Every structure is written in structure tokens, then in C-alpha cells.
Amino acid sequence: CHQKYNRGRLSKKVDVLSIDIETFSSVDIKKAGMYKYAQSPDFEVLLFAYSLNGADVQVVDLKRGEDIPQPIMRALVDETIIKKAYNAAFEWYCLSKAFNIRPSAWLSQWRCTMVHGLYCGYTAGLAATGEALGLSKDKQKLSTGKALIKTFCTPTKASRANGQRTRTLPHHEPEKR
């Protein structure tokens, strides 16, 4: 199903780059919203997961110094390649900030699978949607993911037990990373 119907004729295959990122910011996204979250001076993309045209998912650990492969970076800025994400507005804006891309320059290239799911009558929640679709447990949102996001992607309350740090980095809890 790589061809799409376009005004009465079949058009050629469209490349799709599926993306999921994990980020850090000291700004509480629930209180301040996505824009202030991504505009924080300490905002950063930690993990960049991608799949080009349905290939196996690859994960780049930017926090550990890995680089996004050049072909994927080219695909990211290629206006002929569709970018997809669940809650795509988050990936679109965060990657705009992280890679210094003018947000309006590539908004039309993004598709939101959450919106598509809502259109089909599913919930906005990724876990509930995966369950409703009947995905196997290994394809659904991991229940451990929420705890890991809290550990690595949100500020930590300074305490004597954690050495007064306000952020958990990979070397602080390597067994969880």
C-alpha cells in the first residue's frame, strides 16, 4: 500500500520517516505547555527513534554521544519525505528547536498518527489505543516506560540520598538506562 490515490490517478511511492523522541526540560510540560517546555535553556533531545518506510526501528542515544545517521538527517529535512509521529506536534516543535529548523518551514511534512487514530474512533492515549487495536504486548506502550520517563526526562528533587542532584543522568542509574 505504498501508492496513494491522487485526483483520479495513482501517484508514486511516498517515503515516510516515523519518529519518536524522548526529551528533557526543567519546565513542567503539564503546567507550562509544549512551547515553554521546548524553549527552556536546558531542553534537549535524549533519544531519537526512527523507522524509514517501515524498516526496523533504530534508536539513537544522543545523550551518550551517538549521532543520527546522515541519511536520516537528510530525510528529516527533505521536504518530499513525510514525517510521522504519535502526537506529531511534540516531535515537530521539539525537533525544530533542537535542530534549529524554522517550525513553519516543515509543518506541512508532518502527519499525526494520534489524530488519525482519533479520526478512526480510538482514544488519544497511546496505551489504550494499542490495546484497542489488539497489538501484542511487545508492540504496545511499555508499562515501564512511564517510570523511565519520570526518571530520566523530568527534574529530580534534590536529596541527600541522590547527592543533591536535580537531574538523573544515564551514569546515575545505568541499570535502568
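Each Lys and Arg Cβ is given +1 and each Asp and Glu Cβ -1; about its Cα centre, the range 1-121 then shows a dipole of about 680 debye.
Taking amide H as placed 1.01 Å from N in the peptide plane, Asn87 has its amide H under 5 Å from the amide H of Thr113, Met114, Val115, each at least 5 places away in sequence or on another chain. The count of lysine pairs in the range 1-123 with alpha-carbon distances below 21 Å, taking only pairs 8 or more places apart or on different chains, stands at 14.
Phi angles across the range 43-59 convert, under the Karplus curve 6.51 cos²θ - 1.76 cosθ + 1.60 with θ = phi - 60°, into 3J(HN,Hα) values of 4, 7, 8, 8, 10, 10, 9, 8, 9, 9, 6, x, 5, 3, 6, 10, 10 Hz, Gly and Pro given as x.
Every number here is computed from the coordinates shown, using simple stated rules; none is lab data. All figures in this text were calculated on a predicted structure; none of them were measured in a lab. Here Cβ is always computed from backbone atoms with ideal geometry, including for glycine, and neighbour counts include all displayed protein chains.
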